[in-house]
C-alpha cells in the first residue's frame, strides 16, 4: 500500500514549485525584452560607451536568468509529470483534487 497522504503532499509541493518557476520564467523573459529595448534605445541615441556596455551586460545577465529558470522549470515539470503518472495508477488518487490541480498547473507551464 502506498503512502497516499505523502503522495498528495508531494503533488501539492511539486505543483507549487512548477507554478512559481513558470511565473519566474515569464518575468525574466519580460525583463529581457525590456533590457533589449533599453539597449536599442541607447544605441539609437548614440549614448556613451559605458551606458552601452552596461546595457549589454544587463541584457546578458537577463538572458542567463531566462536560461537558468527554463532549465529549472524543465526539471520541475518532468518531476511533476512523473509524479502525476504514478498517482494516476493509484485508484484512490485517480480523481483527487490535488491530482487535478497538479495537471492544470502542468498544462499551464507547458504552454
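Here are some notes:
- Contact order relative to length of the stretch 4-110, as percent, for alpha carbon pairs under 8 angstrom and 6 or more apart: 45
- A Gaussian network model of the chain, with springs between Cα atoms under 10 Å, assigns the largest mean-square fluctuation among 29, 37, 45 to 45.
- Its residue count N fixes a reference of 2.2 N^0.38 Å for the chain, and the Cα radius of gyration divided by that reference is 1.52.
- Largest GNM mean-square fluctuation among 47, 76, 86, using the chain with Cα springs under 10 Å: 47.
- C-alpha long axis of helix 97-110 to longest principal axis of the chain, angle in °: 30
- With respect to the chain, whose longest principal axis is taken over its alpha-carbon atoms, helix 49-88 is tilted by about 10°.
- Listed residues 15, 44, 87, most fluctuating in the chain (Gaussian network, C-alpha, under 10 Å): 44
- Note on the stretch 42-85 and the stretch 26-41: Cα centroid distance 9 Å, given to the nearest whole angstrom.
- Placing a label point 7 Å from the Cα of residue 56 along the Cα-to-Cβ line, the residues of the stretch 29-47 whose backbone N sits under 14 Å from it are 39-40, 42-44, 47.
Throughout, read-outs are computed from the coordinates displayed, never taken from laboratory work. The structure displayed is predicted, hence computed values, not measured ones. FYI the Cβ positions are ideal-geometry reconstructions off the backbone, even for glycines, and counts take in every protein chain you see.
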